[in-house]
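Asks: Following this message is one structure expressed as structure tokens.
FYI, it's all coordinate maths here, none of it is from the lab. Note that this is a predicted model, so its numbers are computed, not measured. Cβ placement follows ideal geometry from the backbone for every residue including glycine, while neighbour counts extend to all protein chains displayed.
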Amino acid sequence: MSNLQTKYQPFITLLCRLLLGGVLLVAGGLKAFKPSESAGAVAAYKILPTDLAHLIGYALPWLEIALGILLIIGLTTRLAAIAGTAVMIIFIAAIISVWARGILIDCGCFGGGGEVDPSKASEAHRAYLMEILRDLGLALSGIYLYFFPYGRLSIEKPLHNIEEQ
Amino acid sequence: MAKQAKATKSSGGDNFTRWLVIGMVTLVVATGAIFSVVGEKSKANESFAILSDFKVGPTVVSTVDDANGAGITFNNGAAKTVDIWEDPQCPVCNTFEQANGEFVEDLVRAKKAKVVYHVLSFLGNESVSAANAAYCAADEARYLDFHKAMYLVQPVLENSGFYSTENLIKIGSYAGLTSQSFIDCVTKGSKLDKVRAAYESMGKYNVQGTPTVFFNGKLWERKNNAFLPEEFTAAFEAS
């Protein structure tokens, strides 16, 4: 196991970067140019006061894009991974919160969002579960990147790599 | 793992890159957010263009009947009764309004029937704000105009920031509501108790969604989803 880890770590790191970064970039890109939709989606969680929720709805897609690009090109990977993981944990908490309060919404993760018709309650609940599992997987990728930020095809290289070899 | 941990520890000299990246990300996020906010503001202003030739009608006095779910009531005592349940943000209510709003307005203005508007607010915060403003308008005998103007500019998306205090006052200004009392009422949310009472009366009248219409207390079961004016008119005449 530890041998495998040593051998493949640079590839696993690359995979995690592309996974977390790719999802963030796509999610941000799909929402960035539909600001009212994104603002409405955040407000639908009914966690924050409406004005603040709207502001976050406007800003969040751009943060996702920025983090996504950083992770994909591999620049300040560790920092971007911490932020990306934090974002995922917040998403998970938000979905658990709406689920627990019995609110039925579309998560608006990749655009869309807002309330869901009560007749589609079971679909919405299944979607919540899938979203939590997906974000959990992405958060784990982020945590891996925190410990192993250096891998293949990355702009950033460990400074003292050469010395150690 | 040890190797990687060591590597980052020794990259302490790369603090510059880190701060540069943090700075750039902050800049991108801030610019993006400002760009979105400004874009939304100008879009909101565009949607008000529809109201530029809005014609304000004569004032019509209404009462708020607390015993009847705090509905905004016109022509109390008329033979026929029409109860209309709507939410300011509900898109289907807008379809109903565009199809039959004129007919209902005529019922009110020509005193052909008792018309009760139940302004609901189950679609979120902005429905509450808009419903409050509707009650404020009713106080100034301008509910009909306000209601009409509000549906004309109804945003496609719910709770997207459009029914802000500022915009509700603006809608009012097109509907002949320029008094300080209206502005204060919208700003302070003076009618929130009525808004709540209307919302809470849904169960009592067994109203499950909007728009819902009752003719003389009997539920209108429409056969067509488009709210055809012919069907609505016929149902009213038959009631």
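Asks: Over chain B, what is the relative contact order in whole percent, taking alpha-carbon pairs under 8 Å and six or more residues apart?
Replies: Relative contact order for chain B comes out at 25 percent.
Asks: Taking Cβ-Cβ under 4.7 Å as the only way to count a partner, pick out the unpartnered cysteines of chain B.
Replies: By the Cβ distance rule, which asks for a partner under 4.7 Å, no cysteine is left isolated.
Asks: Something else now. Averaged over B:156-167, how many beta carbons belonging to a partner chain fall within 10 Å of each residue's beta carbon?
Replies: On the way: counts 3, 11, 6, 15, 15, 12, 3, 1, 3, 0, 0, 0.
Mean partner-chain Cβ count within 10 Å for B:156-167: 6.
Asks: Is any residue of segment B:99-127 close enough, with backbone N under 20 Å, to a label point placed 7 angstrom from the Cα of B:R196 along the Cα-Cβ axis, and if so, which?
Replies: Residues passing the 20 Å test: B:118-127.
Asks: For segment B:25-61 and segment A:94-152, what is the separation of their C-alpha centers, rounded to whole Å?
Replies: 31
Asks: Helix check for chain A. Which DSSP H runs span at least 18 Å along their own axis by Cα, with a mean Kyte-Doolittle hydropathy no less than 0.0? The partial results should precede the final answer.
Replies: Working: long enough: A:2-32 (42 Å, 0.85); A:50-73 (35 Å, 1.62); A:77-100 (34 Å, 2.02); A:121-147 (39 Å, 0.54).
Helix filter hits for chain A: A:2-32, A:50-73, A:77-100, A:121-147.
Asks: Averaging over every viewing direction, what projected area does the convex hull of the Cα atoms of the protein assembly as shown cover, in nm²?
Replies: Quarter of the Cα hull surface area: 23.4 nm².
Asks: Let me have the relative contact order for chain A, percent, based on Cα pairs under 8 Å that are six or more residues apart. Spell out each step's value before the answer.
Replies: Numbers: 234 pairs, mean separation 54.4, N = 165.
Reported as a whole number, the value is 33 percent.
Asks: Residue by residue through B:23-36, how many Cβ atoms from other chains fall within 10 Å of the Cβ on average? Write out the running numbers ahead of the final one.
Replies: On the way: counts 0, 3, 11, 2, 2, 6, 10, 2, 2, 12, 10, 2, 5, 15.
Going residue by residue through B:23-36 and averaging, the value is 6.
Asks: Let me ask another. If the cut-off is 18 Å between C-alpha atoms, which lysines fall inside it for B:K114, apart from same-chain ones fewer than 8 positions away?
Replies: B:K80, B:K218
Asks: Let me ask something else about it. Just tell me how shielded A:47-58 is by partners: mean number of partner chain Cβ atoms within 10 Å of each residue's Cβ, no decimals.
Replies: Details: counts 0, 0, 1, 10, 3, 0, 3, 7, 4, 1, 5, 11.
Counting other chains' Cβ atoms within 10 Å and averaging over A:47-58 gives 4.
Asks: What order do you get for A:39-46, B:31-38 when each peptide is scored by the mean count of other beta carbon atoms within 10 Å, highest first?
Replies: Top of the packing list down: A:39-46, B:31-38.
Asks: Against the longest principal axis of chain B, how steep is helix B:229-238, in degrees 0 to 90 to the nearest 10, with axes from Cα atoms?
Replies: 40
Asks: What percent of all Cα-Cα pairs in segment B:92-239 falls in each 5 Å bin, counting up from 0?
Replies: Reading the bins upward from 0: 2, 9, 18, 21, 21, 16, 9, 3, 0.
Asks: On to the next question. List the pairs from A:K34/B:K41; B:K112/B:K188; B:K111/B:K204 whose alpha-carbon separation is above 24 Å, in the order I gave them. Walk me through the numbers on the way to the answer.
Replies: Values: A:K34/B:K41 13 Å; B:K112/B:K188 35 Å; B:K111/B:K204 27 Å.
Listed pairs above 24 Å: B:K112/B:K188; B:K111/B:K204.
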